[in-house]
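Nothing in this text is a laboratory measurement; each read-out follows from the coordinates by a stated rule. All values reported here derive from a predicted model rather than from experimental measurement. All Cβ positions, even for glycine, are placed from backbone atoms using ideal geometry, and neighbour counts span all protein chains on display.
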Amino acid sequence: MGEKYKAIKVTDKVYWVGAIDWEVRDFHGYMTQRGTTYNAYLILADKITLVDTVKKDFMNEMLERIASLVNPKDVRYIISNHSEPDHSGCLPETIDVLKPEKVFASAIGTQTLAQEFHSGHEITPVKDGESLSLGNLSVTFLETKMLHWPDSMITYMPDDKLLFSQDAFGMHLATSERFADEIDQSVVEYEGEKYFANILMPLSSLVLRTIGKISDMGVEIDIIAPDHGPIWRKDVNKIIDLYTKWATQKPTNKAVVVYDTMWKSTEKMAKVIAEGLIDGGVRTKIMSLKTNHRSDIVTEILGAGAILVGSPTINSNMFPSIADLLYYLKGLRPQNKIGGVFGSYGWSGEAVAHIKEMLNAMKIELIGDGLRFKYMPDDNELSQCFNYGRFVAEELKKKLA
Ligand code: FEO
């Protein structure tokens with residue numbers, strides 16, 4: 001074992017011993033353009049405790065960081081807050097190397113870990129609200145079922161007023177800095193929102209309930225240590241307030257015009273519809289599927305009040321890129337949006353109707369019948385596009401009033 005990967009101090013008693021993944025670009029369909037980190041933490045209590053592990057490929061990096069601080073054989077407990085493989089992928093091997101006295105997970109977590117790894121390791125279940133003595137320190141567990149897996153829990157350490165929050169309050173962001181206050185805030189806010197949009201949007205009501213549950217615990221939180229991205233130590237309320245805002249999904253005076261195009265007819269429509277929206281006083285973003293990834297588009301949609309979707313018709317269907325986006329978006333269950341539809345076609349023109357069905361299925365309130373033009377839109381048709389944008393802008397203003 002070398003001495004290149006060091007533990008990073010979070011408090012006198014807690015160190016970061018995770019791994020930085022600069023290269024990962026795909027998290028089950030979510031493009032992680034800035035990489036990520038897998039955060040594991042070491043609590044220097046009488047019973048030295050490892051909180052979470054890392055993705056399997058990064059186990060040696062984690063073990064080296066642990067070894068930079070303590071003799072790895074002195075680690076007595078491991079707490080597994082979440083059994084998804086980015087945090088538990090090397091748990092069986094880590095148990096074999098460290099030989100801890102005990103490993104803890106939520107009751108469902110013990111089952112999930114057994115079903116994931118079939119390793120036969122004994123995992124001790126802990127209950128919601130249960131405290132565990134680490135000798136001179138203690139921690140308390142809080143189940144966060146379905147946030148975002150059934151097994152999920154978070155761990156609070158009263159001595160440092162520190163919350164090990166697992167995936168919650170995290171983001172996919174690889175940086176050399178370990179703390180949010182050391183990083184460009186526009187990057188932190190964007191990547192935090194992207195993470196929320198792509199992972200937690202469908203669980204928004206649960207997020208609000210969990211924030212309430214944490215608040216009901218009546219505990220102070222000075223530090224939030226998530227399992228991805230930077231640690232919050234200076235302004236924990238900032239990320240809690242952002243989560244509250246994102247989870248509330250209050251509509252805003254913003255529209256996203258998303259489209260794909262075959263021979264630039266639908267693109268022409270998209271651009272002129274956007275001009276109508278802008279003329280109507282709506283902050284508008286045009287996003288082509290040719291140049292934007294689905295995960296960036298849904299991030300913009302999270303903070304929007306209106307979404308307008310355009311597609312040509314190909315073989316009696318919408319474009320495959322639009323189908324991909326809408327299918328992904330449907331799973332994320334966006335709330336409180338109004339919608340519009342448009343598209344150019346050559347002979348049959350079913351795309352607009354199919355998109356309407358998808359938006360209806362998402363309970364997105366459709367404004368008007370949408371626009372459907374043959375081949376290249378002429379001047380008159382482009383005027384209709386402009387007016388459609390204006391109409392959606394007016395409807396959005398009414399909704400926001
Ligand atoms: Fe980062 Fe749900 O695992």
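When the convex hull of its Cα atoms is viewed from all sides, the range 259-333 shows a mean projected area of 5.1 nm². Restricting the calculation to Cα atoms, every distinct pair contributes to the Kirkwood radius of the range 82-154, found to be 12.7 Å. The charge dipole of the range 56-129, taken about its Cα centre with unit charges on the Cβ of Lys, Arg, Asp and Glu (plus for the first two, minus for the last two), comes to roughly 280 debye.
From the residues THR155, PRO230, ASN380, which one has its Cα farthest along the dipole of the chain in the positive direction, the dipole being from +1 and -1 charges on Cβ of Lys/Arg and Asp/Glu about the Cα centre? Working it through, the farthest residue towards the positive pole turns out to be ASN380. Past the 18 angstrom mark, what percentage of all C-alpha to C-alpha distances in the range 128-201 do you count? The share of Cα pairs beyond 18 Å in the range 128-201 comes to 52 percent. Looking at the chain, identify the longest residue range that excludes and avoids all chymotrypsin sites (Phe, Trp or Tyr not before Pro) in DSSP loops having at most 16 other Cβ atoms within 10 Å. Longest site-free region, per DSSP loop and neighbour criteria: 23-262. Between the listed residues SER176, VAL126, VAL139, the Cα displaced farthest toward the positive end of the dipole of the range 120-180, a dipole computed from Cβ unit charges relative to the Cα centre, is found at SER176. Our note on the geometry: Cα centres of the range 263-300 and the range 83-122, 46 Å apart.
Just to confirm the filter: which GluC sites (Glu not before Pro) across the range 1-72 are DSSP coil and have at most 10 other Cβ within 10 angstrom of their Cβ? Here the sparse-neighbourhood loop sites are GLU3, GLU23. Each Lys and Arg Cβ is given +1 and each Asp and Glu Cβ -1; about its Cα centre, the chain then shows a dipole of about 880 debye.
Specify whether the C-alpha gyration tensor of the chain places it in the rounded, prolate or oblate class, a ≥ b ≥ c being the square roots of the eigenvalues: rounded for a/c under 1.5, otherwise prolate if a/b is larger than b/c and oblate if not. Prolate is the answer for the chain, as a/c is 1.5 or above and a/b outweighs b/c.
Approximating the spin labels as points 7 Å out from Cα along Cα→Cβ, the SER215-to-ASP378 distance works out to 5.9 nm.
Taking the three principal axes of the alpha carbon atoms in the range 310-360, the coordinate ranges are 34, 19, 13 Å, sorted in descending order.
Across the range 140-220, the relative contact order, built from alpha-carbon pairs under 8 Å that are at least six residues apart, equals 26 percent.
Rg/Rh for the range 327-393 (Cα atoms only, Rh after Kirkwood) is 1.01. Between the Cα long axis of helix 236-248 and the first principal axis of the chain there is an angle of about 40°, rounded to the nearest 10. For the Cα trace of the range 142-183, dividing Rg by the Kirkwood Rh returns an Rg/Rh value of 1.05. Among VAL54, PRO312, ALA323, whose Cα sits farthest toward the positive end of the charge dipole of the chain (+1 at Cβ of Lys/Arg, -1 at Cβ of Asp/Glu, about the Cα centre)? Positive-end residue among those listed: PRO312.
Using a cutoff of 8 angstrom between alpha carbon atoms and counting only pairs six or more residues apart, the relative contact order for the chain works out to 12 percent. Using C-alpha pairs under 8 Å with a sequence gap of at least 6, the mean separation divided by the residue count of the range 12-55 gives a relative contact order of 39 percent. Compute the Rg to Rh ratio over the range 1-124 from the alpha carbon atoms, using the Kirkwood formula for Rh, and round to two decimal places. When Rh is taken as the Kirkwood radius, the ratio is 0.96. When the GluC sites (Glu not before Pro) in the range 103-153 are filtered for DSSP coil states and for at most 13 other beta-carbon atoms within 10 Å of their beta-carbon, the remaining sites are GLU122. Summing Lys and Arg as +1 and Asp and Glu as -1 over all other residues whose Cβ lies under 14 Å from the Cβ of ILE364 gives a net charge of +3.
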